[in-house]
Amino acid sequence: MTRTNRQWKLAKRPEGAISEGDLELVPSLVADLEDGQALIRNIYLSLDPTNRIWMSDMDQYMPPVEIGQVMRGGTLGVVEESRNPAYPEGALVSGLGSWQDYAVVPADFFQTFEKPAGVPLTAFQGVLGMIGATAYFGLLDICDPKEGETVVVTAAAGAVGSLVGQIAKIKGCHVVGIAGADEKCEWLRSLGFDAAINYKTENVLETLKQHCPKGIDVVFENVGGEILDASLTLINQNARISLCGLIAEYNAEGPVPGPYMFRNILMKRARVQGFIVTDFAPRFPEAIGQLAQWMAEGRLQYRVDVVDGLENAPSAVKKLFDGSNKGKLMIRVSEEP
Ligand SMILES: NC(=O)c1ccc[n+]([C@@H]2O[C@H](COP(=O)([O-])OP(=O)(O)OC[C@H]3O[C@@H](n4cnc5c(N)ncnc54)[C@H](OP(=O)(O)O)[C@@H]3O)[C@@H](O)[C@H]2O)c1
């Protein structure tokens, strides 16, 4: 059967924020399968802040998407046709795919997985996927938080940040989240965060002082810029800073000023460590197993923000940068089986 595909291709590199002309929706026909290949119908496409990094040609942790290439993205799909026993028809698959309706893939390109009854499929794009692993390793391995320590999380109501704060609470920490809306701060308090600060309406440094009376032992940084400076101002001796993301600067053109309070890394003998979640790939089963258990015990909540239609991907990705996403952002490309 001949199927029509639609692919979002990178037309030009964004200048500042992503604008819709940066990507172009191109129709094509899906090629016939060769031996060893499978045809995947994408169901969910993950939209992530790193999409903006991949669209640029800055020095980064993997090759940028080239002009004319189909945009890269995490996908979750179902095998529709197969000439490869590793991909039985009807199996669910996930991995690093592309912004398109269908993918024809060789052996080992995607991982197959089972969805336990009662767990929504969308969880595998968030808490039980890369997002969960990012929160788990970025907090526990990089920062080793101890009971009673104070942990500050930025972009705290986002996909990664909301999990980080809840894991820190499970570990017995005092947790303060920073987010950009009152509704998000209320949600964080309902999750058990000890305090939540709206950086758009409150003085972050002054409110952090109030909510972190014993100083800050762990910073889980998703944002950078002035918000990071406020945390650095209050770090304790031997503080640990997990540098997960710097979303405040992904749209910047040219160099951005470094943190003004960098000197406190020296004064407080602190440690800053950047990481990319894939560094921990061999240990993903450990993270996913533990996160699934916490979920089953009702100790981990999450939200998903699902936008319908592949055609809406370029406008939807902007939600990550204006803060209008509430939870893990993804596109529903087609119906769940
Ligand atoms: N190192 C890794 O392997 C890895 C893996 C996944 C994600 N990350 C990083 O983790 C961070 C969060 O990603 P996510 O997928 O969980 O997205 P997310 O937090 O669900 O969405 C991004 C959020 O960032 C906040 N934001 C956007 N621009 C901002 C700015 N200029 N200043 C302050 N806050 C801003 C917005 O929330 P507000 O309403 O609060 O402003 C927005 O909702 C990103 O920096 C991402 O690059 C890193």
Matching residues, segment 218-229, being surrounded by fewer than 24 Cβ atoms within 10 Å (Cβ to Cβ) and more than 10 Å from the ligand (Cβ to nearest atom): 229
Out of 163, 128, 139, sole residue that is over 30 Å from residue 230 (Cβ atoms), within 15 Å of the ligand (Cβ to nearest atom) and not acidic (Asp, Glu): 128
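Among the residues of segment 320-337 satisfying the criterion of being open to solvent by less than 50 Å² (accessible area, probe 1.4 Å) and not β-branched (Val, Ile, Thr), which is farthest from the ligand (Cβ to nearest atom)? Write out each step before concluding.
Of segment 320-337, the ones open to solvent by less than 50 Å² (accessible area, probe 1.4 Å) are 320, 323, 325, 327-331, 333-334.
In the following step, the residues that additionally are not β-branched (Val, Ile, Thr) were identified as 320, 323, 325, 327-330, 334.
Numbers: 320: 4, 323: 3, 325: 5, 327: 7, 328: 6, 329: 6, 330: 10, 334: 22 Å.
Residue satisfying both the conditions and the ranking: 334.
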Positions within segment 158-199 being touching a strand residue (DSSP E or B) at 6+ places or on another chain (Cβ under 9 Å) and open to solvent by 40 Å² or more (accessible area, probe 1.4 Å), in sequence order: 169, 171, 174, 182, 186, 189, 194, 199
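Tell me, yes or no, whether segment 148-157 has at least one residue that is within 16 Å of the ligand (Cβ to nearest atom), open to solvent by 20 Å² or more (accessible area, probe 1.4 Å) and of a type outside the set (Asp, Glu).
First, the residues of segment 148-157 that are within 16 Å of the ligand (Cβ to nearest atom): 151-157.
Imposing the further condition that a residue be open to solvent by 20 Å² or more (accessible area, probe 1.4 Å) reduces the set to 155.
From what is left, the residues that are of a type outside the set (Asp, Glu) are 155.
Yes, some residue in segment 148-157 is within 16 Å of the ligand (Cβ to nearest atom), open to solvent by 20 Å² or more (accessible area, probe 1.4 Å) and of a type outside the set (Asp, Glu).
Go through segment 207-252 residue by residue and tally those that are in contact with a Gly (Cβ under 6 Å, 6 or more places away or on another chain) and in a loop (DSSP other than H, G, I, E, B).
Step one: list which residues in segment 207-252 are in contact with a Gly (Cβ under 6 Å, 6 or more places away or on another chain), which gives 222, 234, 236, 242-244, 246, 248-249, 251.
When the remaining residues are screened for being in a loop (DSSP other than H, G, I, E, B), the result is 222, 234, 244, 246, 251.
So the answer is 5.
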Selection from segment 7-50 of residues that are over 14 Å from residue 97 (Cα atoms) and of a type in the set (D, E, K, R): 12, 13, 15, 20, 22, 24, 32, 34, 35
Any hit, segment 269-287, residues being open to solvent by 40 Å² or more (accessible area, probe 1.4 Å) and either modelled with pLDDT under 95 or more than 24 Å from the chain's Cα centre (by Cα) (or both): yes
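The values are calculated or read from the model by the stated rules, or taken from the named source; none is laboratory data. Treat the numbers as computed from the prediction; the structure is a model and nothing was measured. Every residue, glycine as well, gets a Cβ built from its backbone with ideal geometry; the counts of neighbours run over all protein chains shown. Surface accessibility is based on the protein's heavy atoms, side chains included, excluding ligands, DNA and RNA. Shrake-Rupley method; radii C 1.70, N 1.55, O 1.52, S 1.80 Å.
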